[in-house]
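The values are calculated or read from the model by the stated rules, or taken from the named source; none is laboratory data. No experiment lies behind these values; they were computed from the predicted model shown. Neighbour counts are summed over all protein chains in view; Cβ atoms, including those assigned to glycine, are modelled from backbone coordinates with ideal geometry. These area figures cover heavy atoms from the full protein model, side chains too; ligands, DNA and RNA do not enter into them. Shrake-Rupley method; radii C 1.70, N 1.55, O 1.52, S 1.80 Å.
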Amino acid sequence: VDIRALTDDEALDIQQIENLQREDLKPLEEAKAFVAMLSRTGSSMDALAVKLGKTAKHIAARLSLLNLVEEARKALDEDRIGIRHALKIAPLPKPVQVQALEACF
């Protein structure tokens, strides 16, 4: 047992980092956790990347998924499209995203 006195922010960081290590973590869950951590701490993507042992490019890619239209988010969550397709669709304008999603099927 490791007992430490932690601030609320430190405890929340530990909880979020542990959650990010789940095997069944979906890309959008990861993106939402990154946003929460960035918003709460005010740190940069680079600082967060170092803290989590990820690259800033990985974090930026996951954050881009938050730009997906709802239909694309649902398709990604349901594994009807993969992360590579989602990452190609995310930067497109919203109306084009719908067309690109339909082209995946």
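Can you name the residue in segment 84-105 that is modelled with pLDDT of 95 or more and in a loop (DSSP other than H, G, I, E, B) and is also farthest from residue 63 (Cα to Cα) among such residues?
93
Where residues in segment 27-49 are of a type outside the set (S, T, N, Q) and over 18 Å from residue 12 (Cβ atoms), which of them is farthest from the chain's Cα centre (by Cα)?
46
Please identify the pairs in which a residue from segment 39-62 that is under 15 Å from residue 16 (Cα atoms) has its Cβ atom under 6 Å from the Cβ atom of a residue that is open to solvent by 60 Å² or more (accessible area, probe 1.4 Å) and aliphatic (A, V, I, L, M), counting only partners at least 6 apart or on another chain.
Sorted first by the residue in segment 39-62, then by its partner, the pairs are 59/45.
Checking the structure you have, find out if any residue of segment 50-57 is at pLDDT 95 or above and under 30 Å from residue 105 (Cα atoms).
Yes: segment 50-57 contains one or more residues that are at pLDDT 95 or above and under 30 Å from residue 105 (Cα atoms).
For segment 1-12, which positions are at pLDDT below 80 and part of a helix (DSSP H, G or I)?
Correct list: 9, 10.
Mind counting the residues in segment 20-45 that are under 15 Å from residue 61 (Cα atoms), open to solvent by less than 70 Å² (accessible area, probe 1.4 Å), part of a helix (DSSP H, G or I) and not hydrophobic (A, V, I, L, M, F, W, C)?
The qualifying residues number 2.
State the number of residues belonging to segment 7-19 that are among the charged types (D, E, K, R) and surrounded by 12 or more Cβ atoms within 10 Å (Cβ to Cβ).
1
Do you know which of the residues in segment 50-78 that are closer than 23 Å to residue 10 by Cβ and not basic (Lys, Arg) is most open to solvent (accessible area, probe 1.4 Å)?
Restricting to residues being closer than 23 Å to residue 10 by Cβ and not basic (Lys, Arg), the top hit is 50.
For the list (1) surrounded by 14 or more Cβ atoms within 10 Å (Cβ to Cβ); (2) assigned to a helix (DSSP H, G or I), I need the number of the one condition that residue 81 fails.
With respect to (1) surrounded by 14 or more Cβ atoms within 10 Å (Cβ to Cβ); (2) assigned to a helix (DSSP H, G or I), residue 81 is out only on (2).
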